[in-house]
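A.B. asks: First, the structure itself, so that you have it in front of you.
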Amino acid sequence: MPISATVPWRKRQSVIPGFGMTLGFTLAYLSLIALIPLAVLLFRAAGMGWHDFAALAGDKRTLSAVRLSFSTALLAALVNVVIGLPTAWVLARYDFPGRRVVDAIIDLPFALPTAVAGIALTSLYAPNGWLGAGFAALGVKIAYTPLGITLALIFIGLPFMVRTVQPVIADLEPDMEEAAATLGANRGQTFSLVLLPPLLPAILTGFALAFARGMGEYGSVIFIAGNLPYVSEIAPLLIVIRLEEFNYEAATAIAAIILGVSFASLLAINVLQAWSRRSLGHDS
Amino acid sequence: MTARSFRGPAVTEPPWARWLLVAVVLTILAILLVLPLAVVFIEALKRGAGVYLAALSDPDALSAVKLTMIVAAISVPLNVVFGIAAAWAVTKFRFPGKSLLTTLIDLPFSVSPVVAGLIFVLVFGARGWLGPWLRANSIEIIFAVPGIVLATTFVTLPFVARELIPLMESQGVADEEAALSLGANGWQTFWRVTLPNIRWGVLYGVLLCNARAMGEFGAVSVVSGHIRGLTNTMPLHVEILYNEYNFAASFAVASLLALLALITLFAKSALEWRYSSELAAGRGH
C-alpha cells in the first residue's frame, strides 16, 4: 500500500458502501465468540500471580503431560516432513492413474471427525487389531503407548505438511533445474542444492503447523493413548480431568502453557516467512 | 507414467525412480489414511446389517443425530454471515489494523479444541465469570445446548472468511463500482454482483465449516456434560458407546460421520476441479 504513507486513510473515500456495518459486525461477532472468551482465560491465568501459576505449571503430573504432548507432537511433525515431502513431490510433479483421487484423500484427516479417526486407529493398532497383532508378534506395542499417540498425530498432521509444500513445488520454475543439469549436476545434487533451499520455508511452515496442531490435539489421541498418568496422559486430557474436578485454576494453567507453545510456533512461522521473503526476494 | 508438464530427462527423475517413489507414497497413504477409513465401515457392518440398523435407530443415536444437525444449522449460517461481512470489510476498504484483523480471524484455528471448550466454561461455567448470575436467573449454557453451539461456532469461525478473503481480494472492486455507478444501491450490488461472483467460494467454505461443525469433538466434549438424549452429539455418542465396549454400535454411528467426511471430500474436490478459477483454494492458497 504505497499510497497510505502519504494520504490519511480517512480521506480516501470509497464509493462502496457498508464499511461501518460490515466492520462493526465483524468486530462485534469476533469479540463475542472468540476474543472475549480467550481474554477471560488469559486474565484468569494472569490473575493467579506468578507464584501460583508456577506452582500449578510445575506440578509433576502437569509437567509430564506437557512434556509428552510436546515430544510426541515434535516427533510426529518430523515424521510428517519425511512422509509429506515425497507425497507433495509426487502429487505436484507426476501424473499417474488415480492422481486426483489420491490428491483428494490427503485431506481426509481434515474432514474425518477426530473421534472417528481415534477409534479407527485404535482398533487397527490394538494388540488384537489388524496391524497391531503383527507388531505385537514382533514385541512392539503401539496402541496405549506414546507410540500410539505419535501415530495419531502423524495421521492428523500429514495434510498440513503436504498442503503447505505441494503448491510451492508446483510453482518452482524449471530454469534453475535446467541450469543445474547443464552445469553437470546429477538429480540428487540438483534436489539438495537447487530445489531444497526454496522449499525449506514451506517445509518448516508445514512442520510448525503440524506441531502446533499436535500439541493441542485431543479427539484422535485419547482413544489410542491409554491415558495412564505420567506415562501416556496428554496435556489436553489433563485439562479435561482438572475441569471435571472443578479445578479451574489448574485447567487454566495447563491451557495457558499449550496456547503459549502453539502461538510461539505460529509466531516463528511468521518471522520465518518474513525472513525468507526478504532473503529470497520474492513472495512465496 | 509421465511428468505432469513436459520435462527433458535432465530435469525429471528416471522412470524407474518415479514409479518407485509413487509406489512408496501410495503404500504409505493406503496404510496411514485409507485403512483407518475402511476399518470404520468394516467394524460397523461386521455383525450384519440388522445390528447396524438397530444401532442407528436407537433413540439415543437418533437424538444425537438430531442435536448434531441443530448445532450445525445454527453455527454454519452464523459463520457464513460473519465470513461474508468480514471479507467485505477487509477486501473492499483500506483501514489501519487490517492485517491484525485477518490474523485474529484465523486465531480459533490455532487454539486446541479442549482449550476452546475451556474458555466457555471459564465464562459461563458454575465457577466461571458469569456463572453466579446465570444460576440466579436459571439460564443454562454449559452442559446444555447453547454451550455446544458456542463452542462449535468458535472452532468453525474462520472457515468461510479465510476462503472468501483471498477470493474477494483477487476479484477487486471494479464490478461493484460499475454496478454502483449505474445506479444500483448497496444491497442490490451485493445480491446481484458480489454474491454471484463468490457463490462457489461460499459453498466451499460452507462444506468445510459444516464438516467440522458436525464432527467437532474436543471443544464440544468439554462443554456438553454428556447427557444422553439431551446434550450428546454424534461424535460424543461414538465415544460413549466405545467406552461401554459397544463397538458395533459405536462404529455404526462413526460410519455416518465417515460418510459425511467422504461426501465433503468429494464435493470439495468437484468444486476445485470445476470452478478452480472461482475459488481462492483452487489457486494454491
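A.B. asks: Would you calculate the separation in nanometres between label points at A:Glu173 and B:Ala73, each defined as 7 Å from the Cα along the Cα-to-beta-carbon direction?
C.D. replies: 5.5
A.B. asks: In straight Cα distance, which aspartates and glutamates are under 16 Å from B:Lys268, not counting same-chain residues fewer than 8 positions off?
C.D. replies: A:Asp103, A:Asp107, B:Glu163, B:Glu278
A.B. asks: Using a 10 Å cut-off on Cβ to Cβ distances, tally the other chain neighbours for every residue of A:89-102 and report the average as a whole number.
C.D. replies: Shielding by partners across A:89-102 averages 5.
A.B. asks: Could you tell me whether chain A comes out rounded, prolate or oblate from its Cα gyration tensor? Rule is a ≥ b ≥ c as square roots of the eigenvalues, rounded for a/c under 1.5, then prolate if a/b exceeds b/c, otherwise oblate.
C.D. replies: Oblate.
A.B. asks: A further question follows. Once the Cβ-Cβ distance between B:Asp106 and A:Glu244 is put in as r, and R0 is 30 Å, what FRET efficiency do you end up with, to the nearest 0.05?
C.D. replies: 0.50
A.B. asks: Tell me, what is the 1.4 Å probe accessible area of A:Ile154, in Å² to the nearest 10?
C.D. replies: Counting only protein heavy atoms, A:Ile154 exposes about 20 Å² to solvent.
A.B. asks: At q = 0.21 Å⁻¹, work out log10 I(q)/I(0) for the range B:173-285 with the Debye formula, treating every Cα as an identical point scatterer and leaving solvent out; two decimals please.
C.D. replies: -1.06
A.B. asks: Work out the FRET efficiency for A:Arg67 and A:Lys141 from their Cβ-Cβ distance, taking R0 = 30 Å, and round it to the nearest 0.05.
C.D. replies: 0.90
A.B. asks: Turning to a different aspect of this structure: Could you size up the charge dipole of the protein assembly as shown around its Cα centre, putting +1 on the beta carbon of Lys and Arg and -1 on that of Asp and Glu, and report it in debye to the nearest 20?
C.D. replies: The calculation lands at about 460 debye.
A.B. asks: Using a ≥ b ≥ c from the Cα gyration tensor of the range A:86-218 (square roots of the eigenvalues), is it rounded, prolate or oblate, where a/c under 1.5 gives rounded and otherwise the larger of a/b and b/c decides, a/b for prolate?
C.D. replies: prolate
A.B. asks: In square nanometres, what is the average projected area of the Cα convex hull of the protein assembly as shown?
C.D. replies: 29.9
A.B. asks: At a 1.4 Å probe radius, which order do A:Ser279, A:Ser14 fall into by accessible area, largest first?
C.D. replies: Putting A:Ser279, A:Ser14 in descending order of accessible area: A:Ser279, A:Ser14.
A.B. asks: Express in Å², to the nearest 10, the accessible area of A:His51 obtained by rolling a 1.4 Å probe over the protein heavy atoms while all chains stay in place.
C.D. replies: Accessible area, nearest 10 Å²: 150 Å².
A.B. asks: What does the charge add up to near A:Thr26, with Lys and Arg as +1, Asp and Glu as -1, over the other residues with Cβ less than 14 Å from its Cβ?
C.D. replies: +2
A.B. asks: Calculate one ³J(HN,Hα) per residue across the range B:114-124 by plugging θ = phi - 60° into the Karplus curve 6.51 cos²θ - 1.76 cosθ + 1.60, and present them in order as whole Hz with x for glycine and proline.
C.D. replies: Using θ = phi - 60°, the values come out as 5, 5, 4, x, 4, 4, 6, 5, 5, 8, 10 Hz.
A.B. asks: Below 8 Å, C-alpha to C-alpha, sequence gap of six or more: please give me the relative contact order for chain B in percent.
C.D. replies: Value for chain B: 29 percent.
A.B. asks: From the helices alone, meaning DSSP H stretches of at least four residues, give me the mean residue ellipticity at 222 nm for chain B, per-run term -39500 (n - 2.57), in deg cm²/dmol to the nearest 500.
C.D. replies: That calculation yields -22500 deg cm²/dmol at 222 nm.
A.B. asks: Per residue, what accessible area does the protein assembly as shown have, given a 1.4 Å probe and all protein chains present, in Å²?
C.D. replies: Value for the protein assembly as shown: 44 Å² per residue.
A.B. asks: For peptide B:59-71, what's the mean number of Cβ atoms from other chains within 10 Å of each residue's Cβ?
C.D. replies: Whole-number average of other-chain Cβ neighbours for B:59-71 is 0.
A.B. asks: Using a 1.4 Å probe, how large is the accessible area of B:Glu244, given in Å² and rounded to the nearest 10?
C.D. replies: In the full protein context, B:Glu244 sits at about 100 Å².
A.B. asks: Taking amide H atoms as placed 1.01 Å from N in the peptide plane, list the residues 5 or more away in sequence, or in a different chain, whose amide H sits under 5 Å from that of A:Tyr94.
C.D. replies: Correct list: B:Arg4.
A.B. asks: While we're looking at this one, here's another question. Working from the alpha-carbon coordinates of the range B:10-136, get Rg over Rh, Rh being the Kirkwood radius.
C.D. replies: Radius of gyration over Kirkwood radius for the range B:10-136 works out to 1.15.
A.B. asks: Tell me the carbon and sulfur percent of the accessible area for the protein assembly as shown, rounded to whole percent, probe radius 1.4 Å.
C.D. replies: C and S atoms contribute 68 percent here.
A.B. asks: Ballpark to the nearest 100 Å², how much total accessible area do B and A bury together, probe 1.4 Å?
C.D. replies: Counting protein atoms only, the buried area is about 8400 Å².
A.B. asks: Residue-wise, which Karplus ³J(HN,Hα) couplings in Hz belong to the range A:47-60, taking 6.51 cos²θ - 1.76 cosθ + 1.60, θ = phi - 60°, and x for glycine or proline?
C.D. replies: x, 5, x, 4, 5, 5, 4, 4, 5, 5, 5, x, 4, 4
A.B. asks: Taking 0.36 nm per residue of sequence separation and subtracting the Cα-Cα distance, how much length would be gained by fully extending the chain between B:Ala54 and B:Trp273, in nm to one decimal?
C.D. replies: Contour length minus Cα-Cα distance gives 75.0 nm.
A.B. asks: Sticking with this structure for a sec: Which net charge results when you count Lys and Arg as +1 and Asp and Glu as -1 among the other residues whose beta-carbon is under 11 Å from that of B:Phe251?
C.D. replies: Result for the neighbourhood of B:Phe251: +1.
A.B. asks: If you average 1/r over all unlike Cα pairs in the range B:49-283 and invert the result, what Kirkwood radius do you get in angstrom?
C.D. replies: After inverting the pairwise mean of 1/r, the radius is 19.5 Å.
A.B. asks: Where in the range B:97-118 is the amide nitrogen less than 14 Å from a point lying 7 Å along the Cα-to-Cβ axis of A:Phe19?
C.D. replies: B:97-98
A.B. asks: Please give me the summed charge of the neighbours of B:Phe266: other residues whose Cβ is under 14 Å from its Cβ, Lys and Arg +1, Asp and Glu -1.
C.D. replies: 0
A.B. asks: Between B:Arg135 and A:Leu267, how high is the FRET efficiency from 1/(1 + (r/R0)^6) when r is the Cβ-Cβ distance and R₀ = 30 Å? Nearest 0.05.
C.D. replies: 0.15
A.B. asks: Oh, and also: In whole Hz, what ³J(HN,Hα) sequence does the range B:65-70 give by Karplus (6.51, -1.76, 1.60; θ = phi - 60°), x for Gly and Pro?
C.D. replies: Couplings: 4, 4, 5, 4, 5, 4 Hz.
The values are calculated or read from the model by the stated rules, or taken from the named source; none is laboratory data. The structure displayed is predicted, hence computed values, not measured ones. Neighbour counts run over all protein chains shown; Cβ positions are idealised from the backbone, glycine included. What goes into the accessible areas is simple: the full protein's heavy atoms, side chains included, and nothing from ligands, DNA or RNA. Shrake-Rupley method; radii C 1.70, N 1.55, O 1.52, S 1.80 Å.
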